[in-house]
Amino acid sequence: MEVIVTRDYDEMSKTAARVVAQVLNLKPNAVLGLATGSTPLGLYRELIRMHREEGLDFSQVTTFNLDEYVGLPRTHPQSYYYFMQENLFKHINVPKQNIYVPSGTTSNYAAFCQWYEQRIRECGGIDLQVLGIGTDGHIAFNEPSSSLGSRTRIKTLARQTIEDNARFFGSPDEVPVYAITMGVGTILEARKIMLLASGRQKAPAVAAAIEGPVTSMITASALQLHRDAMCIIDREAASQLKMLDYYEWVQAKMPNAP
Ligand code: F6R
């Protein structure tokens with residue numbers, strides 16, 4: 001896995017935005033897989049800036065979000081649909097009809113999950129998947145013990161995730177217990193994967209994901225099986241990596257390094 005260690009959150013976000021821009025440059029009608037949460041906020045801010053100031057164009061782009069809380073309508077301020085609207089979509093020119101976020105209020109989740117997977121396939125598959133990582137090592141809402149072959153489905157959130165996400169709600173009791181989430185198998189089918197992580201609280205999960213064994217107990221470790229996965233992480237998130245020196249050496253020796 002390619003590991004890029006950045007000075008801080010800001011540099012992580014800008015590096016990630018450059019990767020998105022490179023993908024769009026090569027393929028203006030790329031399909032992007034997107035994440036919510038605190039981690040990608042800086043990336044989305046930078047993409048908005050690039051759209052406004054540098055003409056980064058999303059007019060042919062299609063997006064699929066990873067997950068959504070079950071029970072929250074699109075209008076709920078904590079729904080991931082609302083989050084994406086506020087923090088990215090309403091500021092760029094991605095066509096409304098090209099935006100897919102799993103539904104948290106469908107009457108038939110099994111059928112919806114199948115349809116979501118089918119839409120991804122019909123759109124040609126995901127070219128670049130953006131991921132965050134939970135403190136328990138999850139990607140999307142694939143909690144520890146999730147099958148590494150899993151597809152889009154309903155998952156029960158782990159207590160740790162509910163506590164982590166309580167900061168967005170009034171209290172842990174208000175965090176929905178279920179989410180609809182792409183599976184690890186769905187994510188692994190993306191052509192390119194970019195995992196972002198920032199802050200010391202992510203360091204144990206990041207180390208386990210990059211350097212630990214591939215295990216369903218840390219679903220992010222499944223990225224080790226992907227042929228084009230990169231981790232862009234800040235120094236704090238990288239602080240428990242045993243091979244940190246090596247990753248920094250590799251970066252310094254890159255042909256186009258500054
Ligand atoms: C969100 C998602 C989650 C988050 C993870 C980290 O769509 O899929 O896996 O990426 O929980 O969340 P933050 O970035 O808030 O620390």
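Every residue, every condition in (1) more than 28 Å from Gln201 (Cβ to Cβ); (2) aromatic (Phe, Trp, Tyr); (3) in contact (Cβ under 8 Å) with a residue 40 or more places away in the chain, yes or no:
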residue	(1), (2), (3)
Lys96	yes, no, no
Val101	no, no, no
Gly104	no, no, yes
Gln114	yes, no, no
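Go through the stretch 52-70 and give me each residue that's within 16 Å of the ligand (Cβ to nearest atom) and either among the aliphatic types (A, V, I, L, M) or in contact (Cβ under 8 Å) with a residue 40 or more places away in the chain (or both). I'd like the intermediate steps shown before the answer.
From the stretch 52-70, those within 16 Å of the ligand (Cβ to nearest atom) are 63-70; that's our starting set.
Phe64, Leu66, Asp67, Glu68, Tyr69, Val70, listed by residue number.
Go through the stretch 229-246 residue by residue and tally those that are within 21 Å of Lys192 (Cβ to Cβ) and either over 21 Å from the mean Cα position of the chain (by Cα) or not aliphatic (A, V, I, L, M) (or both).
Going through the stretch 229-246 one residue at a time, the tally reaches 2.
Which ones in the stretch 197-207 are farther than 17 Å from Ala140 by Cβ and in contact (Cβ under 8 Å) with a residue 40 or more places away in the chain?
Once the filter is applied, which keeps residues that are farther than 17 Å from Ala140 by Cβ and in contact (Cβ under 8 Å) with a residue 40 or more places away in the chain, the stretch 197-207 yields Ser198, Gly199, Gln201, Pro204.
When Tyr82 is evaluated against the numbered criteria (1) touching a His at 6+ places or on another chain (Cβ under 9 Å); (2) assigned to a helix (DSSP H, G or I); (3) in contact (Cβ under 8 Å) with a residue 24 or more places away in the chain, which criterion, by number, is the only one it fails?
Result: Tyr82 fails condition (3) only.
Restricting to the stretch 38-59, and then to whatever is touching a Leu at 6+ places or on another chain (Cβ under 9 Å) and not in a helix (DSSP H, G or I), can you tell me which residue is nearest to Val130 (Cα to Cα)?
Selected residue: Pro40.
Is it the case that some residue within the stretch 137-153 is β-branched (Val, Ile, Thr), buried (at least 16 other Cβ atoms within 10 Å of the Cβ) and touching a residue at least 60 places away in the same chain (Cβ under 8 Å)? Outline the logic, then answer.
Initially, the stretch 137-153 is screened for residues β-branched (Val, Ile, Thr), giving 139, 152.
Checking which are buried (at least 16 other Cβ atoms within 10 Å of the Cβ) leaves us with 139, 152.
With the extra rule that they be touching a residue at least 60 places away in the same chain (Cβ under 8 Å), the set shrinks to 139.
Yes: the stretch 137-153 contains one or more residues that are β-branched (Val, Ile, Thr), buried (at least 16 other Cβ atoms within 10 Å of the Cβ) and touching a residue at least 60 places away in the same chain (Cβ under 8 Å).
Part of a strand (DSSP E or B) and either touching a residue at least 40 places away in the same chain (Cβ under 8 Å) or on the phi < 0 side of the Ramachandran plot (or both): which single residue out of Ala220, Ala179 fits that description? Let's see the steps before the verdict.
Values: Ala220 fails: part of a strand (DSSP E or B).
Selected residue: Ala179, the only one of Ala220, Ala179 that is part of a strand (DSSP E or B) and either touching a residue at least 40 places away in the same chain (Cβ under 8 Å) or on the phi < 0 side of the Ramachandran plot (or both).
Let me confirm something: among Arg235, Arg227, which residue is under 23 Å from Thr6 (Cα atoms), surrounded by fewer than 17 Cβ atoms within 10 Å (Cβ to Cβ) and modelled with pLDDT of 95 or more? Spell out the reasoning first.
Working: Arg235 fails: surrounded by fewer than 17 Cβ atoms within 10 Å (Cβ to Cβ).
Sole residue among the options that is under 23 Å from Thr6 (Cα atoms), surrounded by fewer than 17 Cβ atoms within 10 Å (Cβ to Cβ) and modelled with pLDDT of 95 or more: Arg227.
Which pairs turn up if I take residues in the stretch 31-48 that are free of Cβ contacts under 8 Å to residues at least 12 places away in the same chain and look for partners that are of a type in the set (S, T, N, Q) and surrounded by fewer than 20 Cβ atoms within 10 Å (Cβ to Cβ) with beta carbon separation below 6 Å, at least 6 apart in sequence or on another chain?
Listed pairs, sorted by first residue: none to list.
Being among the basic types (Lys, Arg), in contact with a Ser or Thr (Cβ under 6 Å, 6 or more places away or on another chain) and part of a strand (DSSP E or B), is that true of even one residue in the stretch 182-202? First the steps, then the outcome.
Pass one, the stretch 182-202, residues among the basic types (Lys, Arg): 191-192, 200, 202.
Next, from what is left, pick out any that are in contact with a Ser or Thr (Cβ under 6 Å, 6 or more places away or on another chain): none.
Taking every residue of the stretch 182-202 in turn, none turns out to be among the basic types (Lys, Arg), in contact with a Ser or Thr (Cβ under 6 Å, 6 or more places away or on another chain) and part of a strand (DSSP E or B).
For the stretch 115-158, name all the residues that are more than 12 Å from the ligand (Cβ to nearest atom) and aromatic (Phe, Trp, Tyr). Break it down into steps so the answer makes sense when it comes.
In the first step, residues of the stretch 115-158 are kept if they are more than 12 Å from the ligand (Cβ to nearest atom); the result is 115-128, 144-145, 147-154, 156.
Of everything in the stretch 115-158, those that are more than 12 Å from the ligand (Cβ to nearest atom) and aromatic (Phe, Trp, Tyr) turn out to be Trp115, Tyr116.
The values are calculated or read from the model by the stated rules, or taken from the named source; none is laboratory data. The structure presented is a predicted model; accordingly, all values stated were derived computationally and were not measured. Counting neighbours? That spans all protein chains shown, and the Cβs are built from the backbone with ideal geometry, glycine included.
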